[in-house]
């Protein structure tokens, strides 16, 4: 293969890099074209240098493949391959079997992780490094409910959580040094609900599918906690919705999440406070779900596991949880309004947002670049940074 610098046409060199980036991200030409909203013929012409590519289109392609725009202008041949970290290689290899929307999600994740690495370096912030593993890695085998409940209890004890509800799992993970990302990973049985892997500098990375229902977020995050604590010896764990009841690895994490969010002692205490031994009415499920910060469906499943349902499961079907909660005096939760996209604090690691603001304050990054990294507009970032100050000043002189 000739060195790209030897090619007569710069379009040919750029086209070759476009093709290599697409193949690196495991997209077929048809998948990539569909995701970009262009024809396969147009993408083919870009890759063969027969058609000039606009800057905006090049930026969109870079985002889709999870590479910086500069990637397309770096010489590369068979004897001068760019280095790719083991974690990135593992993710891109696993992405080969995924649907195109999930491939795009993995590529987006990789791009954001590179941005976070750059933020650490730019602000001279020490990297977290590999975390301490408080529990031994578990083999991929079946476990009894008693064993899984005991694992969840051990984890709660380790983090001094007791039996109290954990109402904001994302904030808890941020406080423990996890890097938590919300990424669109598709819908349906073959979509990813989330994933986990260890980054050599950033530590534990947890991802949850932003596309799934809001009510699933706490459960998915708790599911990934199980992988981070008991399956940390794997290069990465990608969790398909379809595998959560068929793979022992996934089944363990699913049941762990249930016991972690609603601990046995905590559930028993709540039932005693409600002066009931078993749950017989949907209204009682709402009270329990709201207390523990889980979905109505998750509460029903958990009650069934502990044999605390005192009526047929049919009694609890066909319920509209939001409407029923309102009738019981509960205020609607933010996620119940279905507002998207999520705020940066809800879809990015806390440290990502913090370091972005530091870089802006120190003049290391422009406002536009920080807004782009956070996935918001320049105006929204300005409002976040200066809006409240302006309002406070006006009130002070009123």
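The values are calculated or read from the model by the stated rules, or taken from the named source; none is laboratory data. Bear in mind that the values here come from a model prediction, so they are computed numbers and not experimental data. Backbone-built Cβ (ideal geometry, glycine too); neighbour counts: all protein chains shown.
Quick notes on this one:
- Per-region count, region 265-291, residues surrounded by fewer than 17 Cβ atoms within 10 Å (Cβ to Cβ), closer than 20 Å to residue 152 by Cα and in contact (Cβ under 8 Å) with a residue 24 or more places away in the chain: 2
- The requirement of being surrounded by 14 or more Cβ atoms within 10 Å (Cβ to Cβ), at pLDDT below 95 and within 17 Å of residue 218 (Cα to Cα) is fulfilled somewhere in region 185-192, by at least one residue.
- Qualifying positions in region 221-242 - in a helix (DSSP H, G or I), crowded, with 18+ Cβ neighbours inside 10 Å and modelled with pLDDT under 95: 241
- Flag for residue 319 being surrounded by 13 or more Cβ atoms within 10 Å (Cβ to Cβ), assigned to a loop (DSSP other than H, G, I, E, B) and modelled with pLDDT under 95: yes
- Enumeration of residues in region 44-62 that are surrounded by fewer than 17 Cβ atoms within 10 Å (Cβ to Cβ) and under 27 Å from the mean Cα position of the chain (by Cα): 56, 57, 58, 59, 60
- So residue 134, is it more than 30 Å from residue 30 (Cα to Cα), in contact with a helix residue (DSSP H, G or I) (Cβ under 8 Å, 6 or more places away or on another chain) and in the same structural domain as residue 238 (by TED's automatic domain parsing): yes
- Qualifying position, being touching a helix residue (DSSP H, G or I) at 6+ places or on another chain (Cβ under 7 Å) and more than 20 Å from residue 347 (Cα to Cα), among 235, 218, 248: 235
- Matching residues in region 335-349 - criterion: being touching a helix residue (DSSP H, G or I) at 6+ places or on another chain (Cβ under 8 Å), modelled with pLDDT under 70 and at negative phi: 335, 336
- Verdict on residue 294 being free of Cβ contacts under 8 Å to residues at least 24 places away in the same chain and crowded, with 18+ Cβ neighbours inside 10 Å: no
One line per residue, one yes/no per condition, for (1) surrounded by fewer than 18 Cβ atoms within 10 Å (Cβ to Cβ); (2) in contact with a helix residue (DSSP H, G or I) (Cβ under 7 Å, 6 or more places away or on another chain); (3) in the same structural domain as residue 174 (by TED's automatic domain parsing):
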{"residue": "353", "(1), (2), (3)": "no, yes, no"}
{"residue": "357", "(1), (2), (3)": "yes, no, no"}
{"residue": "367", "(1), (2), (3)": "yes, yes, no"}
{"residue": "370", "(1), (2), (3)": "no, yes, no"}
{"residue": "374", "(1), (2), (3)": "no, yes, no"}
{"residue": "377", "(1), (2), (3)": "yes, yes, no"}
{"residue": "383", "(1), (2), (3)": "yes, no, no"}
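- Subset of region 33-61 [under 25 Å from residue 102 (Cβ atoms) and touching a residue at least 40 places away in the same chain (Cβ under 8 Å)]: 34, 35, 61
- Sole residue being part of a helix (DSSP H, G or I), over 30 Å from residue 207 (Cα atoms), at pLDDT 85 or above and more than 31 Å from the chain's Cα centre (by Cα), chosen from 41, 13: 41
- Selection status of residue 169, farther than 15 Å from residue 197 by Cα and touching a residue at least 40 places away in the same chain (Cβ under 8 Å): yes
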